[in-house]
1. Can you tell which of THR226, THR257 is touching a residue at least 12 places away in the same chain (Cβ under 8 Å), among the polar types (S, T, N, Q) and assigned to a loop (DSSP other than H, G, I, E, B)?
2. Of the residues in region 84-110, how many are farther than 22 Å from THR314 by Cβ and buried (at least 16 other Cβ atoms within 10 Å of the Cβ)?
3. Might you let me know whether region 178-193 holds any residue that is surrounded by fewer than 18 Cβ atoms within 10 Å (Cβ to Cβ), closer than 30 Å to ILE555 by Cα, at pLDDT 80 or above and not assigned by TED's automatic domain parsing to the domain that holds VAL439?
4. When you look at VAL280, is it of a type in the set (Val, Ile, Thr), buried (at least 21 other Cβ atoms within 10 Å of the Cβ) and within 20 Å of the chain's Cα centre (by Cα), yes or no?
5. Consider ASP139 against the criteria (1) within 22 Å of MET377 (Cβ to Cβ); (2) surrounded by fewer than 24 Cβ atoms within 10 Å (Cβ to Cβ); (3) at pLDDT 85 or above: it satisfies all of them except one. Which criterion is unmet?
6. Given the criterion at pLDDT 70 or above and not in a loop (DSSP other than H, G, I, E, B), identify the matching residue among LYS572, LYS554.
7. May I ask you to list the residues in region 731-744 that are surrounded by fewer than 19 Cβ atoms within 10 Å (Cβ to Cβ) and outside any loop (DSSP other than H, G, I, E, B)?
8. Only residues that are touching a residue at least 40 places away in the same chain (Cβ under 8 Å) and in a loop (DSSP other than H, G, I, E, B): list them for region 1-30, please.
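The values are calculated or read from the model by the stated rules, or taken from the named source; none is laboratory data. Worth saying up front: this structure is predicted, and the values here are computed from it rather than measured. Neighbour counts run over all protein chains shown; Cβ positions are idealised from the backbone, glycine included.
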Amino acid sequence: MGIPTIITDLALIMIVASISTVIFKWLKQPIILGYIVAGFLVSKQFVFAPDIIGDADVEVWAKIGVVFLLFALGLEFSFRKVAKVGKSALSASAIIIPGMILVGLAVGKMLGWSMSNSAMLGCMICMSSTTIILKALDDLDLRSHRFASVVLGVLIFEDLAAIVIMVLLPTIAAGQAFEGTEFLFAILRLVFFLIIWLVIGIFFIPSILKRAKKFLNDETLLIVSTGLCLGMVYFASAVGFSEEFGAFVMGSILAETIEAERITKVMTPIKDFFGAVFFVSVGMMIDPSILVEYWKEILAISLAVIIGQVCLGTSGVLFSGATLRTAIQCGFSLTQVGEFAFIVALLGTQLKLCDEFLYPIIVAVSVVTIFITPFMMKSAIPVVEWLNVKLPEKFRTMIERTQTKKEVEGVMGVWKNFLTQILEIVGIYGSVSIAIVLVFVTYIFPKIFQVSGGFWINMVMTVVSVLLVSPFVRAIIAKKNHSAEYKYLFSVNRSNWAPLVGLTLLRVIVGVAIIASLICYGMLREHPWISTFLAMGIVFLIFRSRMVKYWSIKIERKFFYNLNIREIEMRKNMEEKSSVFESAVLSKSLSTHDLHLADFVVDPNAECCDKTLIELNLRQVCGVHVVSIIRGERRINIPGGKEKILPFDKVLVLGTDDQLTAVGKIFGKPVFDTPMQKKEVSVEQLIIEKGSVLEGKSILESGIRDNSKCLVVGIEHEGETTMSPSIHTRFCVGDIVWIVGEKDKIQNLIQSSLTSIDFK
């Protein structure tokens, strides 16, 4: 009996892939390129080596690889990260993603391609490579720099955009996307199912995994995770979405559980294995004759990607309020076509949305842009220095105004926050309510009618459906009606009364429509008006019912507990009861001067180990401030000079990009973390007023560090700001002093700096 072709093909793939990846590792090149080269070597295009026999088998393995790649992406993604990266990444992405789609569309049309090929090209080049960028940041020791966190935020939104594109492509292939209303319906359908799956998944799965924790060793956790992933893949396919979308959603749900790290660990070998097969299959589709024929197109698209990302990335980040340096570094970091382009190209080819020649072209463009990424990152700083000299004063002033722009304040700001909250409430609770209605209308009521058409049976099931949906209906019509925003808007101006009442009525109408649909389909199909009047009465009872209110609040608390269960458990383990947010205003001010926080884990082989802060003299050597030292479960805030640095200490340091890079050579590689997150320390402003006990004293004489356990990180004097001032700098009346330290100690310092002198 011969060996099945699937085994011989897999053996050939793994042997060639192992050799090529080792070579690419030795050359310090991305391992993905090694897989692509291996795919070309085992393809029928390369006649000097054995080739794959069962192409269909490889396609199946590659399909599985895409599923697990998207599942792993979901585990790293977590929808909570979207909120953490902030508005700056969102506003930048809103410019970059559609802008690059238009660039691809324009380039395709200039090359004489069809509209479909051009549009697909735009979808492929609008996403950068998360894997390549993170590797380049590591290789160039740039992870501690401010721009790295912004790039991470943009990549998160680009990954989300990729998922949306993959979901919409089947709709486009069916010829529905260009009918306007059908396209809008597809978007709404996507949002609806996404909300339902996330809400239901987060409500149940974290609780189940927590209860079953003691039974989940690595083996059972692997089986459970794989089962959940493939189950969602099947369900997503059954309701008309792509398998990749289902895998991504399940990964995002599991990312919010306490077992997220373990799941990522046990799934990594499977993801790596099947991912390798997928990228090998990408290489198998490379046709050298097509590359030779279309070399001009490859060059043109590569230049368009580089120039487009530099221009759009820089302007997008700059528009979000970042500094010119940060914006240019971001734009120069995003100049490559990511691995998602392969998936989109493969899907587009299968759906006949683009010609087959586009696949090897986009692979070639990806290889070119990936190779050039490190050089683009290195060239960012020289470009910044050149622009600082050449930029006109007017343009520089405009950039500064963009950096210092403030959030909408006053009544308009309150209205904005209030409307955002209302939209979230109606969107989430409305989607859950509609899902319950659809289940009863589509499945339960028809089954009941088949078994028994009796009035009383129908009434009982209708009552059950109304009871199930009532907590969510109450949330739709009642939440935020007694909030501080509502009370403020109602009291500040009578002109707000009409829109507030109108908004409340709209929410009531939504609730009535949900209840009326259940009553109408359940027992009064021929009497819609009677159903509507009954629904009005039921909505009133729901609003007044204490029991419904209790269950509504309990369900909401359970959901948010599961959503935050990972952080809650981590906080318990670390015995951290609370954290203090740094001031947003001060964060902007510090970022203007390129000053920010970064975490470093001390390398056990580093020369700084067992040395005191006095011996290291980091203030003079690197110009930075050591804010905290985390040692196991112990945190040392504003450590003294006699404090030693020990192996594996986590050191929180305040400095500029260049200063933090220098510190990285002493401590080790930084932890990739978003600057200005929750910390045990805070940044506050201290204004030196006339008569203050600090007036005329130097920083050294003030005893701020020794007595108050705080750090002076900046002084603004007569409009000029000095970051990391000398200890001999003296405080003057009107100076604005930036202090870093624990919140309560800063407040004590501010109080003690005041004087009781009477100036009358």
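1. Details: THR226 fails: assigned to a loop (DSSP other than H, G, I, E, B).
Unique residue meeting the criteria: THR257.
2. Our first condition is that a residue be farther than 22 Å from THR314 by Cβ; within region 84-110, this holds for 84, 108-110.
Pick out the ones that are also buried (at least 16 other Cβ atoms within 10 Å of the Cβ) and you get 108.
Result for region 84-110: 1.
3. no
4. No: the conditions fail for VAL280.
5. Checking ASP139 against (1) within 22 Å of MET377 (Cβ to Cβ); (2) surrounded by fewer than 24 Cβ atoms within 10 Å (Cβ to Cβ); (3) at pLDDT 85 or above, the one that fails is (3).
6. Numbers: LYS572 fails: at pLDDT 70 or above.
After ruling out the rest, the residue left standing is LYS554.
7. ILE736, LYS743, ASP744
8. Across region 1-30, the qualifying residues are LYS28, GLN29, PRO30.
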